[in-house]
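A short write-up of the structure that comes next.
We did not get these values from a lab; they are worked out from the coordinates using the rules stated. Nothing here was measured: the structure is a model prediction, and the numbers come from that model. Glycine gets a Cβ as well: all are built from the backbone with ideal geometry, and neighbour counts include every protein chain shown.
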C-alpha cells in the first residue's frame, strides 16, 4: 500500500489534521497512518489517541479534553511553528463536525506570521454517518443532510428551524451530537419537530460506537424511538419518505434509500 | 495494518460493495484493499476498475457501462449466489450516490432465495465531497447537505424545491452529478435557484478529479461561477452565509465554515 511521496515525506514545521475513521485501523486510510507514523507530536482527545496509537517512544503525545478544541488547535500551531511535525487526530472525518474547522478558526484569528507559515494539511476519513450507514445498508443512498444537534455553538431555535426545513425537503437526516448529559431533553424536542412532518413508520437507524468493540446497530421507527436510546456516542439516521427496509435471511434487516424518486 | 479477521477471511458466496475513496490508493481503507485482494470476481465501471487495479491473473474482472447499475448489481448477485467472492467497486463511498443503493434495490426485488443468502457487506470510503472539502480546508465543518442534481431518477421540479429549502436552512451544499453533456442547461437553472437566496459573495469550491492525477481545485464566488466551469467530474460546494476564506502565504486560500453560528 504505497502512499504518494508527498504524503509520506517528513514535513518539518507542519500540522496535519487527520481523520481516524469510525474506529478500527482497517477503516483508516494509509495516508493518515503514514502521517501518524511520521509525527513528532500527536494531539487529541484521549479516546481518539487510544484509537490512533500505539505510538513510538520518541513521539510526544498530548492529550486534552474534548471540549478544549480551540486551545488544542493553538497548541498545535505553536508546536508546528517551532518546527515540529504535528498530527492532530479526530475520529471520523476531521472536516465533518470535528477539528478541521476549529484549526482554521484559530488560523483565521492568528496574528503570528509563523503560524501562517506552517504547512497545513487536512486528511479526510470515513465519518460516523458513513460507518453507521454502511452497517445498515445504504440509508444515505440519496439526498441527505448532516446536522449537529449541539447548541453549544448555535442557538436552539436555529436547530429547530433547520430541522423543519430539511424534513420539508424530504432529505434523509444524519444527526451528530444528538443528546448530551448536559441537555438530555433537547433530543426529545428535535424529535417532536421531525415527528410533526414525517410518518410514524419512518425508518430510524441508530449506530452506537460503530467500528469499535462495542458496536451496536438498531433499526427502529420514528414512532418507536425513545430518546433514552440515544447518547453522544450515537449517530442517528432518520429516513426520508422513500427509505425502505429489506428483511434478511439471518433475522436482521437492510435499510436503504432508493436512488429514484 | 491489521484488518479484523472478519474483514480478511475468504467469503465464499459473498458480495462486498466497496468504496475506493477519491482516487489514490493512499485514500483507500485497508478493509477495502483486503476485499479487492481476496475477490475472485471484480465488477465495476471501467474508470473505477482502473483505479482499483491492478488485479492478479486469476481474478476475473467484469467492466460495464456506468449507467448499467441495476444490470451490474444483478450480475454480482448471480456470481455470488454461484459461490464467487465478488467485489463491486464504487468511487468515493458506495453509500453516497453510488452502487450500494442500486445493489439493495436489486435485492429488494429479487425472488431467488440464493440471492438473499449471499453474504452481503458494504464497505465505506471517503466520498468526493470530503476529498474536495479537505483540499479546500473545512467547508463542510458545520451543517451541510449532499444533493444529486441528476434528474435521471428524480423530477427536476423536486430538485429545485429541495435546493430552495436547503438554501433557506442556510446549509452548506455539496452538489453531486452537477452537469452532464445530456442536460448542460440544468446546472444554470439550479444556480438561479441558489442565487435567488444566497449573497453574490457566497464562497463556492469546485473540486475536479480530486485525488487523481489531474486534480484541480477552484475557489470562486456565487456571482463569478460560470456553468461551463462544471462537469460531471466536478464536485460543487456552495458555502452557507457563514463560510469564510483565509488568504494563504503561498497565494492560495483556505475555505471553512465555522462551527459556531
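Structure values in brief
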item: Overall dimensions of the protein assembly as shown by Cα: Rg and Dmax, Å; result: 21.6, 66
item: Fraction of antiparallel bridges per DSSP, chain A only, in percent to nearest 5; result: 40
item: Within the protein assembly as shown, percent of DSSP bridges classed antiparallel, to nearest 5; result: 45
item: Inter-copy label distances at residue B:213 (7 Å, Cα→Cβ; nm, one decimal); result: 4.6
item: Stokes-Einstein D in µm²/s, Kirkwood radius over Cα pairs - region A:189-261 at 10 °C with 1.306 mPa s viscosity; result: 120
item: For chain A, built as a Gaussian network whose Cα springs stay under 10 Å, the top-fluctuating residue of A:133, A:146, A:26; result: A:26
item: GNM top mover of A:104, A:36, A:140 - chain A, alpha-carbon springs below 10 Å; result: A:104
item: Whole-Å semi-axes of region A:5-126's equivalent ellipsoid (Cα gyration tensor); result: 20, 16, 13
item: Hydrodynamic radius by Kirkwood, which averages 1/r over all alpha carbon pairs of region A:129-256, in angstrom; result: 14.6
item: Stretch gain in nm, segment residue A:50-residue A:82, where the contour uses 0.36 nm per residue and the Cα spacing is subtracted; result: 8.9 nm
item: Crossing angle, helix A:156-168 versus chain A [Cα axis fit, 0-90 degrees, rounded to tens]; result: 60
item: Histogram of C-alpha separations across chain B, 5 Å bin width, %; result: 1, 6, 13, 16, 17, 14, 12, 10, 7, 4, 1, 0, 0
item: For region A:36-55 and region A:190-243, distance of Cα centres in Å; result: 31
item: Within chain A, helix-based [θ] at 222 nm, where runs of 4 or more DSSP H residues each add -39,500 (n - 2.57), nearest 500; result: -8500 deg cm²/dmol
item: Folded to 0 to 90 degrees: helix B:69-81 orientation relative to chain B principal axis, Cα; result: 30
item: Nearest beta-carbon to the B/A symmetry axis - residue in chain B, distance in Å; result: B:145, 2
item: Per-copy distances of the residue B:64 label point, shortest first, in nm (7 angstrom along Cα→Cβ); result: 4.9
item: Calculated label separations, residue B:50, copies of the chain, 7 Å along the beta-carbon direction, nm; result: 4.6
item: FRET E, pair residue A:218, residue B:250, Förster distance 56 Å, beta-carbon r, rounded to 0.05; result: 0.75
item: Region A:129-256: relative contact order as a whole-number percent, Cα under 8 Å and 6+ apart; result: 32
item: Listed residues B:184, B:30, B:54, most fluctuating in chain B (Gaussian network, C-alpha, under 10 Å); result: B:54
